[in-house]
Amino acid sequence: MLEVVGLTKTYGEFSAVKDLSFTAGPGELLGLVGPNGAGKTTTLRCLAGIFPPTHGRITIAGHDLLAQPVAAKRELAYFSDEPRLFDHLTVRQHLIFTARLYQVLDVDSRIPPLLEQLDLVDQADQLPGELSRGMKQKVQLACGLLHSPRVLFFDEPLTGLDPFAIRKTKDLIRGQAAAGRTIVISSHLLHLLEEICTRVLILQRGVKVVHGTLAEIRAQFAGGSADASLEDLFLSIAGPQPVEAPAPPPLVPPSVTPLPPPLP
């Protein structure tokens with residue numbers, strides 16, 4: 001469903017992502033993990049077609065993202081960490097507009113279940129300025145799910161949600177995976193990824209350092225201990241690296257003030 005081969009994204013001399021390759025199949029929940037600056041968001045934006053990769057190939061549901069961008073993007077949805085909505089469109093109008101973009105013909109039958117599922121029925125005719133951040137996040141989810149994408153990318157999906165919305169969002173994500181969708185989630189909430197993900201990919205400085213199931217990672221880095229949490233494993237794999245002590249400054253002889261010339 002999702003195949004990434006040699007993904008590289010550079011900005012001048014800086015490489016945000018370096019030669020990243022992995023696959024994720026139908027029903028898979030892949031957790032993308034890494035410290036700040038590891039390249040997680042850049043990776044997701046390249047996978048979603050927002051950033052063009054410098055090198056590499058991305059295939060979404062059999063469509064090459066560069067060679068067949070429209071066909072590939074019809075099969076995906078990208079949920080950013082900061083929902084961006086149109087100020088003068090209501091929640092319902094956002095959904096209708098999204099349906100037109102994706103040429104969804106049965107929009108009238110699709111909108112009510114989404115509003116119900118995401119607890120947006122009472123907010124359907126409100127503008128974004130009347131919504132909390134958590135509600136805006138739900139609107140983004142509704143718009144992204146409207147065209148029934150087969151591949152979903154989430155960047156910090158639980159930001160700004162209350163405990164009830166967190167539970168519903170986790171159930172929604174699990175339900176999408178159970179329906180055969182391929183899902184990639186980037187989050188610093190390691191307990192969330194440990195709870196719902198089937199595989200984990202750890203990035204450090206743009207490079208893949210670990211990719212596998214939690215059991216496989218435990219076997220490799222914790223001797224198979226079932227007590228090792230994803231947080232424990234992450235800190236041991238990609239925790240702060242020892243910093244080399246700076247070289248001592250070179251020895252410079254003290255400056256010597258020349259003696260004044262002798263008096264005549």
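For the reader, a short list of remarks on this structure follows.
- Residue check: Arg100 meets all listed conditions (1) under 30 Å from Asp19 (Cα atoms); (2) exposed (fewer than 14 other Cβ atoms within 10 Å of the Cβ) but one, namely (1).
- Of the residues making up region 27-52, those that are open to solvent by 40 Å² or more (accessible area, probe 1.4 Å) and either within 10 Å of the chain's Cα centre (by Cα) or of a type in the set (Lys, Arg) (or both) are Thr41, Arg45.
- You will find that of Leu76, Leu65, the residue that is over 22 Å from Arg205 (Cβ atoms), of a type outside the set (Asp, Glu), in contact with a Gly (Cβ under 7 Å, 6 or more places away or on another chain) and surrounded by 14 or more Cβ atoms within 10 Å (Cβ to Cβ) is Leu65 and no other.
- Some residue of region 171-191 being modelled with pLDDT under 90, within 23 Å of the chain's Cα centre (by Cα) and assigned to a helix (DSSP H, G or I): yes
- Flag set for Thr23, criterion: open to solvent by 20 Å² or more (accessible area, probe 1.4 Å) and not aliphatic (A, V, I, L, M).
- Restricting attention to region 116-147, the residues being open to solvent by 50 Å² or more (accessible area, probe 1.4 Å) and in a loop (DSSP other than H, G, I, E, B) number 5.
- Annotation: of all residues in region 85-95 being more than 26 Å from the chain's Cα centre (by Cα) and not basic (Lys, Arg), the one that is surrounded by the most Cβ atoms within 10 Å (Cβ to Cβ) is Thr90.
Residues checked against (1) free of Cβ contacts under 8 Å to residues at least 60 places away in the same chain; (2) of a type in the set (Ser, Thr, Tyr):
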position	(1), (2)
Leu7	yes, no
Thr23	yes, yes
Pro26	no, no
Leu29	no, no
Lys73	yes, no
Tyr78	no, yes
Arg84	yes, no
Asp87	yes, no
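- When Gly6 is tested against (1) farther than 28 Å from Ala179 by Cβ; (2) within 16 Å of the chain's Cα centre (by Cα); (3) outside any loop (DSSP other than H, G, I, E, B); (4) small (Gly, Ala, Ser), exactly one condition is not met: (2).
- Of residues in region 188-232 being of a type in the set (S, T, N, Q) and in contact with a strand residue (DSSP E or B) (Cβ under 7 Å, 6 or more places away or on another chain), the one nearest to Arg167 (Cα to Cα): Thr198
- Taking residues in region 96-118 that are in contact (Cβ under 8 Å) with a residue 12 or more places away in the chain, and partners anywhere that are open to solvent by 20 Å² or more (accessible area, probe 1.4 Å) and among the aliphatic types (A, V, I, L, M), the pairs with Cβ atoms closer than 6 Å and at least 6 places apart or on different chains are Ala99/Val107; Leu115/Val121.
The values are calculated or read from the model by the stated rules, or taken from the named source; none is laboratory data. Everything quoted here is computed from the prediction, not taken from an experiment. As a convention, Cβ positions derive from the backbone with ideal geometry for all residues, glycine included, and neighbour counts pool all protein chains shown. The protein model used for the area step is the full one, side chains on, heavy atoms only, and it has no ligands, DNA or RNA in it. Shrake-Rupley method; radii C 1.70, N 1.55, O 1.52, S 1.80 Å.
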